[in-house]
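Chemist: Before anything else, here's the structure in question.
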Amino acid sequence: MASVPDLSVKLGSLELSNPVIAASGTFGYGLEFAPFLDLNRLGGLCTKGLSLKPRLGNPVPRVFETASGMLNAIGLENVGFDRFRDEKLPLLQKYRTCIIANFFGETVREYAEMAKQLSSLERIDALEMNISCPNVEEGGLAFSSSPQIVEQVVQAVRPSTSKFLIVKLSPNVTDICEIAQAAEAAGADAVSLVNTYLGMALDIETGKPFLANGSGGLSGPAIKPIALNMVYQVTRAVSIPVIGMGGIRTAKDALEFLMAGASAIQVGTANFFDPAVTVKIVDGIQNWCISKGVNNLNEIRGSK
């Protein structure tokens, strides 16, 4: 009888029972998916992106299905820090899975303050900075747009938290390796990539965009080959762990990212099509490892 493979992952000081993490913005606060799967079977879950104050997000329509994916312009709608602390987090306490709080700000100061507030919550295991947000102090230029700005905001956040700090990178840049290296130099413990690509869909009857916001973020299987290439490049450009994402919907997809060098993976858009897809991917990775005689994921990581 084949032995059960060890799927555990060690990302520096952060340990996961397996490499599968539910991605931010596609899994609510985790609680919404509890009726469909055992959250304890996940390596981790990322909360919906959190801000200091509640946000209503963009006007509707703000989601549109595309060929092999979807466009979204939700606008980072969330309940804000206080309600998350008082209403959401207490209900997550009973789960042993790793809880990663995704957060953002509109200024460097807001990022640092949000990291400080989240770090006061003992049950939060790690923080994930979403830097694909406009900096209102720089005329709306995204924090992710240049190595210099990335280094500035990560340097500001680093002293505000002792939690494991993940910086989530945007693919809408000239050189994502330079961005990742800037995050590493500024003190990031890991990077996650890729966030969504900028995209648009037009209604040919009206000539207007389907999304009220005009453009939105493209995700899903359509972006997987590009995301996989970026993860492959970044794992060779930095020494910190890389968490890969972008179009992952099967165990095969997840294994490709691990073979490209990712230490763990995140599943996003696929959650909308199958709310139990994350645990199916965990099972699929385990079954593949058994069939191939793989005892530990380190045996395949970065093997290609």
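Where a number appears in this text, it was derived from the coordinates with a stated rule and is not lab data. Bear in mind that the values here come from a model prediction, so they are computed numbers and not experimental data. Counting neighbours? That spans all protein chains shown, and the Cβs are built from the backbone with ideal geometry, glycine included.
Chemist: For the chain, how many pairs of lysine residues have a Cα-Cα distance under 14 Å, where the two are 8 or more positions apart or belong to different chains?
Modeler: 6
Chemist: Using a Gaussian network for the chain with springs between C-alpha atoms less than 10 Å apart, which of these wobbles most: ILE243, ILE265, ILE124?
Modeler: Result for the chain, Cα springs under 10 Å: ILE124 fluctuates most.
Chemist: In addition: Once you list every other residue whose beta carbon is under 11 Å from the beta carbon of VAL154, what net charge do they have if Lys and Arg are +1 and Asp and Glu are -1?
Modeler: Once positives and negatives cancel, what remains is -2.
Chemist: Further question on the same structure: Quick one: Karplus J couplings for the range 49-58, per residue in order, coefficients 6.51, -1.76, 1.60, θ = phi - 60°, nearest Hz, x for Gly and Pro?
Modeler: x, 10, 10, 4, 10, x, 10, 7, x, 7
Chemist: Please work out, to two decimal places, the log10 of the ratio I(q)/I(0) at q = 0.24 Å⁻¹ from a Debye calculation in which every Cα of the range 92-136 carries one identical scatterer.
Modeler: Here the Debye-derived log intensity ratios amount to -0.82.
Chemist: What does the charge dipole of the chain about its Cα centre add up to, to the nearest 20 debye, if the Cβ of each Lys and Arg holds +1 and the Cβ of each Asp and Glu holds -1?
Modeler: Dipole about the Cα centre, nearest 20: 480 debye.
Chemist: At R0 = 22 Å, how high is the FRET efficiency between ALA276 and GLU15 if r is their beta carbon distance? Nearest 0.05 is fine.
Modeler: It comes to 0.35.
Chemist: Mean-square fluctuation check for the chain, GNM, Cα pairs under 10 Å: which of VAL60, VAL231, VAL294 is largest?
Modeler: So, out of VAL60, VAL231, VAL294, the one fluctuating most is VAL60.
Chemist: Return the single residue from PRO134, PRO59, PRO171 with maximal mean-square fluctuation; model: Gaussian network over the chain, springs between Cα atoms under 10 Å.
Modeler: Judging by the Gaussian network model, the answer is PRO59.
Chemist: Related question: Per residue of the range 101-110, what does 6.51 cos²θ - 1.76 cosθ + 1.60 with θ = phi - 60° give for ³J(HN,Hα)? Whole Hz please, x for Gly and Pro, Karplus curve as stated.
Modeler: So the J values, rounded to whole Hz, are 8, 7, 8, 7, x, 9, 9, 4, 4, 5.
Chemist: If you don't mind, another one. By the gyration tensor of its Cα atoms, with a ≥ b ≥ c the square roots of the eigenvalues, what is the shape of the range 9-299: rounded for a/c under 1.5, prolate for a/b over b/c, or oblate?
Modeler: rounded
Chemist: Which residues does the label zone of LYS116 cover in the range 57-78, counting backbone N under 17 Å from a point 7 Å along Cα→Cβ?
Modeler: none
Chemist: Compute the relative contact order of the range 9-299 as a whole-number percentage, counting only Cα pairs closer than 8 Å that sit 6 or more residues apart in sequence.
Modeler: RCO, the range 9-299: 19 percent.
Chemist: Which value, in debye to the nearest 20, describes the size of the charge dipole of the range 1-110 about its Cα centre when Lys and Arg Cβ atoms bear +1, Asp and Glu Cβ atoms bear -1, and nothing else is charged?
Modeler: Dipole size: approximately 160 debye.
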